[in-house]
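These notes concern the structure reproduced below.
The values are calculated or read from the model by the stated rules, or taken from the named source; none is laboratory data. This one's a predicted model, so the numbers in the text were calculated from it and none came from an experiment. Neighbour counts are summed over all protein chains in view; Cβ atoms, including those assigned to glycine, are modelled from backbone coordinates with ideal geometry. Ligands, DNA and RNA are stripped out before the accessible areas are found, and what is left, the full protein with its side chains, is counted by its heavy atoms. Shrake-Rupley method; radii C 1.70, N 1.55, O 1.52, S 1.80 Å.
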Amino acid sequence: MKQADDYQELLGRIAADVAPLIGSGTPAEYIPALASVDPRRFGMAIADLDGTVYGVGDWRLPFSAQSITKVFALALALSLDGDALWERVGREPSGNPFNSLVQLEYENGIPRNPFINAGALVVTDRLQTLTGDASSDLLEFLRAESGNPDLAFDQEVADSEGENGDRNAALAHFMASYGNIANPVPILLDHYFWQCSIRASCADLALAARFLARHGLRADGSRLLSRSEAKQVNAVMMTCGTYDAAGEFAYRVGLPGKSGVGGGIVAVVPGRCTLCVWSPGLDRRGNSVAGVAALDRFTTLTGLSVF
Ligand code: GLU
């Protein structure tokens, strides 16, 4: 399964198979800028290791990447910080909602993993310390890997995140009280909200995630992560990447994946390709209904899972 025709035909079949599900679920409502997205959108892209990208539906339409950016922030922080990063954030599933505060107190301000909000705030804090401009650094990275210089922050979404950001502010202040946040909390939150607001299409995100399928190699052939670090990021995606449904996602799809409340999901077939699917209707755990179904169809039809 390699040729363009195969991928195109496969994507067409997947889109037809999941069509009855498009529009089911509910777009995220916690910020107005996300609630107003058309729930009937669906797009899916597959990027080869060499950067050829195939797509179906709304695969070139930018959407709010949201928590998908947590993967890229983690990879950048890990590339600069190495193992030291794991002293500040764990790598176990949390079993709690993505924005939960309770576990943090029991565990002395060390978040369970980099993909719950507390953990992502720690990663962005570390990136801010290491680069001096975490969100711009991340945006530049995504532009370079996707080959799309037009990728941008979404001012409306970033403002909306800030206006509805009490929970994230509480998480950041709470961790700061344990000494696990180094930057001033308002600055950290600005960078985190800018990060979440990045708009990108399925094509952009599938291309940008290729270093995870290429065992750490960036689009230009330089090394971002060691082979072992790329494996670590994929492993954390597999165990913690889809909110409280990572077990169900592993069971159905069998690939490392990271979802966001914008309705996107990025998935990786190490050594083979990357995928991104987008449809805004979310299930009660915050994952795209049609998106999970499409990835489920992909691994079922191709046999390309990590298992
Ligand atoms: N900006 C969101 C928040 O921190 C991220 C939500 C998500 O995609 O999980 O609340």
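If R0 is 51 Å, what FRET efficiency do you get for A170 and E9 from their C-beta distance, rounded to 0.05? Write down the numbers at each step before the final one.
Numbers: r = 49 Å, r/R0 = 0.96.
Efficiency, from the Cβ-Cβ distance: 0.55.
Let me check against my output: what whole-number percent is the relative contact order of the chain, with C-alpha pairs under 8 Å and at least 6 apart? Could you put the intermediate results ahead of the total?
Working: 653 pairs, mean separation 84.6, N = 307.
This gives 28 percent for the chain.
Using a Gaussian network for the chain with springs between C-alpha atoms less than 10 Å apart, which of these wobbles most: R167, R91, R199?
The residue that fluctuates most here is R167.
With an 8 Å cut-off on Cα pairs and a minimum separation of 6 or more residues, tell me the relative contact order of the range 227-307 in percent.
Numbers: 128 pairs, mean separation 20.5, N = 81.
This gives 25 percent for the range 227-307.
Sort D137, D48 from largest to smallest accessible area, using a 1.4 Å probe on the heavy atoms of the protein chains.
Details: D137 60, D48 5 Å².
Descending order: D137, D48.
At 1.4 Å probe size, with every protein chain present, just tell me what the per residue accessible area of the range 1-67 comes to in Å². Write out the running numbers ahead of the final one.
Working: 3230 Å² over 67 residues.
Per residue, the range 1-67 has 48 Å² of solvent-accessible surface.
Going by a 4.7 Å Cβ-Cβ cut-off, which cysteines of the chain have no partner at all?
C196, C240, C273
Give the relative contact order (percent, whole number) for the range 157-307; include only Cα pairs under 8 Å separated by 6+ residues. The partial results should precede the final answer.
Details: 210 pairs, mean separation 26.2, N = 151.
Dividing the mean separation by the residue count of the range 157-307 yields 17 percent.
Roughly speaking, to the nearest percent, how much of the range 30-162's 1.4 Å accessible area is carbon and sulfur? Walk me through the numbers before you get to the answer.
On the way: 2500 of 5200 Å².
Here it works out to 48 percent.
HN-Hα J couplings of the range 242-250 from phi, Karplus 6.51/-1.76/1.60, θ = phi - 60°, integer Hz, Gly and Pro as x?
Once θ is set to phi - 60°, the couplings for the range 242-250 become 10, 6, 7, 10, 5, x, 5, 5, 4 Hz.
May I have the convex hull volume per residue, in Å³, for the Cα set of the range 161-239?
150
Convert each backbone phi in the range 122-135 into a coupling constant with the Karplus relation 6.51 cos²θ - 1.76 cosθ + 1.60 (shift: θ = phi - 60°), then list the ³J(HN,Hα) values in order as whole Hz, x for Gly and Pro.
5, 5, 5, 4, 5, 5, 4, 5, 7, 10, x, 7, 4, 5
For the range 1-91, take N as its residue count and report Rg(C-alpha) divided by 2.2 N^0.38 Å. Could the numbers behind the result be given before it?
Working: Rg = 17.6 Å, N = 91, 2.2 N^0.38 = 12.2 Å.
This ratio for the range 1-91 stands at 1.44.
Given the options E229, E145, E156, which has the most mean-square fluctuation in a GNM of the chain, springs set between C-alpha atoms less than 10 angstrom apart?
E156
Could I have the simple spin-label model distance between E29 and K231, label points 7 Å from Cα toward Cβ, reported in nm to one decimal?
4.5
Tabulate in residue order the Karplus-calculated ³J(HN,Hα) for the range 265-273, using 6.51 cos²θ - 1.76 cosθ + 1.60 with θ = phi - 60°, rounded to whole Hz; enter x for Gly and Pro.
Taking θ as phi minus 60°, the curve returns 9, 9, 9, 10, 10, x, x, 9, 6 Hz for the range 265-273.
Taking amide H atoms as placed 1.01 Å from N in the peptide plane, list the residues 5 or more away in sequence, or in a different chain, whose amide H sits under 5 Å from that of H215.
Residues meeting the amide H criterion: G271.
Within the range 10-41, which trypsin sites (Lys or Arg not before Pro) sit in a loop by DSSP and count at most 14 neighbouring Cβ atoms inside 10 Å? Walk me through the intermediate numbers first.
Numbers: sites: R13, R40, R41; in loops: R40, R41.
Hits after loop and neighbour filter: R40.
Taking the alpha-carbon centroid of each part, what is the distance from the range 129-196 to the range 241-307 in angstrom?
So the separation of the two Cα centres works out to 25 Å.
With a 1.4 Å probe and all protein chains left in place, how much of the accessible area of the range 214-289 comes from carbon and sulfur atoms, in whole percent? Intermediate results must be reported in sequence, preceding the final value.
Details: 1230 of 2540 Å².
C and S atoms contribute 49 percent here.
Tell me the mean residue ellipticity at 222 nm calculated for the chain from its helices only (DSSP H runs of n ≥ 4, each -39500 (n - 2.57), averaged over every residue, nearest 500).
Taking each H run of at least 4 residues, the total per residue is -14000 deg cm²/dmol.
For G262, what residues show an amide H to amide H distance below 5 Å, using hydrogens built from the backbone and excluding near sequence neighbours?
Here the answer is S67, since their amide H atoms fall under 5 Å of that of G262.
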